[in-house]
Amino acid sequence: MDKQDKIIVGVVGMGAMGSGIAQVAAAVGHKVLVFDNNPAMIAKATEDRKRTFQKLVEKGKMSNEEAEKILKSISPADSLEQFKDCGIVIEAIVEIAEIKMKFFSSLESIVKDDCILASNTSSLSITSIASSCKKPERFIGIHFFNPAPLMPLVEIVPGLATNTATVETSRKLIDGMNKTTVIVKDTPGFIVNRVARPFYGEAIRIYEERWNGLPEGERGMATIDWAMKEIGGFRMGPFELMDMIGNDINFTVTETVWKQFFFDARYKPSLTQRRLFESGRFGKKSGRGYYDYSPGSIMPEPEKNAELGKQIVNRILSMLINEAADALYYNVATREDIDIAMTKGVNYPKGLLKWCDEIGAGEILNTLGELRNLYSEDRYRPSVLLKQMAINNSKFYNK
């Protein structure tokens with residue numbers, strides 16, 4: 001952005017996400033004000049940032065001057081009253097709609113009339129949160145991915161009342177932070193957290209059917225992870241990825257999307273996931289998740305069976321492609337933005353719609369049909385668009 005485009009960016013909530021957003025904004029020259037109800041969180045975020053920059057300087061990826069400039073651009077606020085001159089305020093607090101609504105209702109009376117109000121929510125309704133504001137037309141979803149300084153994707157989500165100027169200004173601002181933006185309809189989970197649900201849910205389902213409760217249960221998880229990486233080409237397997245994200249976060253998003261889709265069977269959470277959540281097995285951060293991360297623990301060896309691996313990949317991938325096709329059918333985003341979101345937001349090896357073109361819509365439809373006939377569950381309901389494409393033998397991309 002040009003020098004005159006630099007603004008004061010307010011960030012509320014100094015967990016990993018909020019701290020990362022503050023760093024991203026400061027890195028391109030914006031003055032950043034940060035606030036958290038718990039001052040200790042601000043202090044921790046500051047120390048973590050200093051340590052990260054020190055390592056980057058030592059590796060030659062950043063100069064001392066650059067590090068100092070970014071650090072000095074981020075200032076703690078004692079109260080929200082100090083946000084009165086912000087051009088935008090991005091909220092990254094707890095994922096509870098009522099708390100977010102109360103926050104924005106209070107903030108609106110402090111900031112200027114032209115200040116953009118943005119939520120970093122990953123799955124809650126932007127329209128619903130905006131309803132707490134007197135000027136919902138300036139409210140928008142700006143969903144970064146964790147870790148924000150490294151992940152390139154940001155979903156820009158207008159609510160029903162969001163005006164065009166807010167969308168354009170927000171996108172220009174985030175593009176200026178060297179991010180890849182996609183415009184998304186305000187639907188549960190937006191693009192990524194909607195389309196990616198089967199990556200986790202179907203993997204758990206396969207585990208439950210084949211290995212749950214058996215002594216070699218963890219080996220089953222390792223086998224699914226191995227298949228998705230070695231045969232499917234994914235960077236991480238579903239179980240290790242859930243453990244990295246945090247099973248508390250993953251389960252909450254899964255349950256939120258399911259409820260917001262009026263309990264559609266395609267998004268139904270699993271008991272396995274719920275039990276891990278209830279037991280506090282959140283993954284790496286708690287020392288135990290699907291896998292054991294305690295000192296001295298040994299990761300299980302997968303069953304490297306190529307035929308089994310292909311079955312696993314085919315089943316999960318067919319479900320993912322079906323979700324991507326359905327998102328396009330319901331105009332959640334353009335085909336290009338759906339594919340960009342899945343490659344830039346969760347590092348999928350290919351865009352799912354392009355992947356469908358390679359395999360063939362008919363093949364995907366056959367897999368879903370076999371699963372639906374076997375289980376008699378709406379979970380495997382094929383997208384109308386996928387069915388139309390299979391009938392017409394057409395592709396998502398005509399080239």
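The values are calculated or read from the model by the stated rules, or taken from the named source; none is laboratory data. The shown structure was predicted, so the numbers you read here are calculated from the model rather than taken from an experiment. Note that we place each Cβ from the backbone using ideal geometry, even for glycine, and neighbour counts take in every protein chain shown. Only protein heavy atoms, including side chains, enter the accessible area calculation; ligands, DNA and RNA are left aside. Shrake-Rupley method; radii C 1.70, N 1.55, O 1.52, S 1.80 Å.
Descriptive notes on the structure:
- Carbon plus sulfur fraction of accessible area for the chain, probe 1.4 Å, in percent: 51 percent
- Amide H contacts of residue 283: 247, 288, 289, each under 5 Å away and 5 or more positions distant or on a separate chain (H built 1.01 Å from N in the peptide plane; Pro and chain starts excluded).
- Within straight-line cross-link reach of residue 310, lysines at Cα separation under 21 Å, skipping those fewer than 8 residues along the same chain: 229, 350, 354
- Computed label-point distance, nm, for sites residue 331 and residue 37 using a 7 Å Cα→Cβ extension: 3.9 nm
- Cα centre as origin, Lys/Arg/Asp/Glu Cβ charges: region 74-113 dipole, Debye: 20 debye
- Using a probe of 1.4 angstrom and keeping all protein chains present, the accessible surface of region 175-262 works out to 36 square angstrom per residue.
- Scanning residues 5 or more positions from residue 142 or on other chains, those with amide H under 5 Å from its amide H are 119, 120, 121, 157, with H placed 1.01 Å from N in the peptide plane.
- Highest average first, the peptides 154-167, 97-110 ordered by how many other beta carbon atoms sit within 10 Å of their residues are 154-167, 97-110.
- For region 336-390, the calculated P(r), taken from all Cα-Cα distances in 5 Å bins from zero up to the bin holding the longest distance, is 4, 19, 21, 20, 20, 12, 3 percent.
- Listed residues 241, 313, 286: farthest to the positive end of the dipole of region 231-371 (Cβ charges): 286
- Here region 63-149 is treated with +1 on each Lys and Arg Cβ and -1 on each Asp and Glu Cβ, and its dipole about the Cα centre works out to around 240 debye.
- Amide H contacts under 5 Å for residue 116, placed H, 5+ residues apart: 88, 89
- Cα-derived Rg over Rh, computed across the chain with Rh taken as Kirkwood radius: 0.98
- Potential lengthening between residue 47 and residue 84 on full extension [0.36 nm per residue; Cα-Cα distance subtracted]: 10.7 nm
- Extent along principal axes [Cα atoms of region 1-125; Å; largest to smallest]: 44, 31, 27
- Think of each Lys and Arg Cβ as +1 and each Asp and Glu Cβ as -1; about the Cα centre, that makes the dipole of the chain roughly 300 debye.
- Shape annotation for region 38-88: C-alpha extents along the principal axes are 39, 24, 14 Å, from largest to smallest.
- Compared with the alpha-carbon gap, the fully stretched path from residue 208 to residue 175 is longer by 7.7 nm at 0.36 nm per residue.
- Solvent-accessible surface of region 1-85, averaged per residue with a 1.4 angstrom probe and all protein chains in place: 56 square angstrom.
- Residue of 225, 248, 48 that the Gaussian network model of the chain assigns the largest fluctuation, springs spanning Cα pairs under 10 Å: 48
- Cα centroid separation, region 217-264 to region 70-145 (Å): 30 Å
- Counted by Cβ distance under 14 Å from residue 187, the other residues give a net charge of -1, where Lys and Arg count +1 and Asp and Glu count -1.
- Within the listed set 189, 280, 20, the residue fluctuating most in the Gaussian network model of the chain (springs between alpha-carbon atoms under 10 angstrom) is 280.
- Our coupling estimate for region 80-92, obtained by passing each phi through the Karplus curve with A = 6.51, B = -1.76, C = 1.60 and θ = phi - 60°, is 5, 4, 6, 8, 5, 9, 5, x, 8, 10, 10, 8, 9 Hz, Gly and Pro reported as x.
- Residue pairs, from the table 179/268; 69/172; 61/102, whose Cα atoms sit over 29 Å apart: 179/268; 61/102
- All-pairs alpha carbon distance profile, region 95-194, 10 Å steps from 0, percent: 17, 50, 31, 2
- Note on the chain: with a GNM built from Cα contacts shorter than 10 Å, the maximum mean-square fluctuation among 374, 71, 124 falls on 374.
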